[in-house]
Amino acid sequence: MLPLLLISTLPAFTLLLVAPASCKPWKLVRELGLVALLLARELLRHSASAAAGAGRKEQQAARMPPSKPKTPPPALAEGDADALPVLDLPELALERVLEELSPASLAAMACVCAGLRDRCSMDGLWARHVRRKWGRVLGAAARREWQAELAARAAAAALPRPARQRGLADSLACAWPFSWIGRRWLKEDAAAAARSAPAPPADTVAAWYRALECGDFWFPAQVYNREDGHVGFLLSCYDAHLRYDRRTDTFTARYPPHGRKPAKEEEGVPWCRVRAAPLSTPAQDLHASACLEDLRPGDHFEIQWRKNKDFPYGWWYGVVDHLEPCNANEHLCRCHEDDTIMLEFKHYAAGSRWRQTTVSRKDHREKGDETDGFYGGIRKLQTKDEISTWRRFWPVDVLS
């Protein structure tokens, strides 16, 4: 009945709207007509939605058969009295149970109740998962960048938001009895503002693990044989920022600009080509070599090299060789007493200009030119694991 009454009044309101607005009485009547139309529209919408909801409830009640009383199985009913809630387990047993859960199960367990949420979000539990999956590719620099990103997000969230301009709905919402008309619009605006500005993640190991797993955080690391085995980067390792893609279980690497060349991205980088930076030396800085006195023929090393001084350094693999006067006899060799160290890159052919170079043991600094590039700091490889990792990338063909 109410909808018919409202519809019957629409022609009269329409005449009011088309009336001339030059006179003040007609202007007031026109504004009242607009308010009445808005009120009629809202009444129609609320009555229609209420009728539709009542109809759906009646249909669902008619379709559902009467439910039979459920009786628990005898075995379950007997064992229910002896069941022990998880939170009532001894402390050591509960910790052991949570330690055995996978990250997905641990996150699901945290949604059960407030007590389990606190227990399942402990840094100690998630630190084990971070070390197990990400420990080989994450270094101290990655943690520092995560802290810096958290601080930046918190600062951005603390900035004052611009005030929303008041509209017609706001004006009506301030005056009873029209306050309920604009209430829905104001709530929608507030919800949209909340969705557009999510809260920054907490400074917890669980939040860090989630950011890494979901690819929300670019972390610094190093990539072997950048640009998918480009011949110019074989047996090298370059700094990059990486993001994980859990759909393919690979990384996207973003390399810094090389001179005038823009930054490059490489997709599909496997885990075996990624490592945490073993040193804290930035890619543009010369590493202070502390191992020169200990280098002997046969030692494996990494050395900084760059094409020119506008480029960042990359780390290149090589082996210390005997000097030319030495006969390479193990008992007669005196190369370790000489001030000159012979560095050899055996993946290049004999006679290649990239095959060998020499550095000073006592006064080593960056050396080179624009033709052959610049050699920088040296790092001695200490473990068989590091050496075997480099050997896995040995090229099939000798480079010229």
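Give L286, L323, L279 a once-over and let me know the one that is outside the structural domain of W134 (by TED's automatic domain parsing), in contact with a helix residue (DSSP H, G or I) (Cβ under 7 Å, 6 or more places away or on another chain) and either free of Cβ contacts under 8 Å to residues at least 24 places away in the same chain or closer than 21 Å to A140 by Cα (or both).
On the way: L286 fails: in contact with a helix residue (DSSP H, G or I) (Cβ under 7 Å, 6 or more places away or on another chain); L279 fails: in contact with a helix residue (DSSP H, G or I) (Cβ under 7 Å, 6 or more places away or on another chain).
On inspection, the qualifying residue turns out to be L323.
Hey, can you tell me all the residues within the range 236-284 that are β-branched (V, I, T) and not in a strand (DSSP E or B)?
So the first thing to find is which residues in the range 236-284 are β-branched (V, I, T), and the list is 248, 250, 252, 269, 274, 281.
Answer for the range 236-284, where residues must be β-branched (V, I, T) and not in a strand (DSSP E or B): T248, T281.
Mind checking whether some residue in the range 311-319 is over 28 Å from K261 (Cα atoms) and surrounded by fewer than 18 Cβ atoms within 10 Å (Cβ to Cβ)?
So in the range 311-319, the residues over 28 Å from K261 (Cα atoms) come out as 319.
Adding the requirement that they be surrounded by fewer than 18 Cβ atoms within 10 Å (Cβ to Cβ) leaves 319.
Among the residues of the range 311-319, at least one is over 28 Å from K261 (Cα atoms) and surrounded by fewer than 18 Cβ atoms within 10 Å (Cβ to Cβ), which makes the answer yes.
Close Cβ contacts (under 8 Å, 6 or more residues apart or on different chains) running from residues in the range 328-346 that are in the same structural domain as W315 (by TED's automatic domain parsing) to residues that are of a type in the set (F, W, Y) and in a loop (DSSP other than H, G, I, E, B) comprise F345/W354.
Residues that are within 21 Å of A288 (Cα to Cα) and of a type outside the set (S, T, Y) within the range 376-400 comprise G376, G377, I378, R379, K380, L381, Q382, E386, listed in sequence order. Does any residue of the range 259-266 turn out to be exposed (fewer than 14 other Cβ atoms within 10 Å of the Cβ), in contact with a helix residue (DSSP H, G or I) (Cβ under 7 Å, 6 or more places away or on another chain), outside the structural domain of Q382 (by TED's automatic domain parsing) and under 22 Å from E145 (Cα atoms)? Checking the range 259-266: not a single residue is exposed (fewer than 14 other Cβ atoms within 10 Å of the Cβ), in contact with a helix residue (DSSP H, G or I) (Cβ under 7 Å, 6 or more places away or on another chain), outside the structural domain of Q382 (by TED's automatic domain parsing) and under 22 Å from E145 (Cα atoms). Checking the range 285-303 against the condition returns no match, with no residue being among the polar types (S, T, N, Q) and surrounded by fewer than 18 Cβ atoms within 10 Å (Cβ to Cβ).
Does L150 count as out of contact with any strand residue (DSSP E or B) (no Cβ under 8 Å at 6 or more places or on another chain), at pLDDT 80 or above and in a helix (DSSP H, G or I)?
Spelling it out, L150 is indeed out of contact with any strand residue (DSSP E or B) (no Cβ under 8 Å at 6 or more places or on another chain), at pLDDT 80 or above and in a helix (DSSP H, G or I).
Listed by position, the strands (runs of 3 or more DSSP E) inside the range 294-400 whose residues that are under 26 Å from W271 (Cβ atoms) number at least 3 are 300-306, 314-321.
Restricting the first member to the range 374-400 and to residues that are closer than 21 Å to H230 by Cβ and assigned by TED's automatic domain parsing to the domain that holds H300, and the second to residues that are surrounded by 12 or more Cβ atoms within 10 Å (Cβ to Cβ) and among the basic types (K, R), the beta-carbon pairs closer than 6 Å and six or more apart or on different chains are F374/R306; Y375/K367.
The values are calculated or read from the model by the stated rules, or taken from the named source; none is laboratory data. Note that the coordinates shown come from a computational prediction; the quantities given were computed from them, not determined experimentally. Note that each Cβ is placed from the backbone with ideal geometry, even for glycine, and that neighbours are counted across all protein chains shown.
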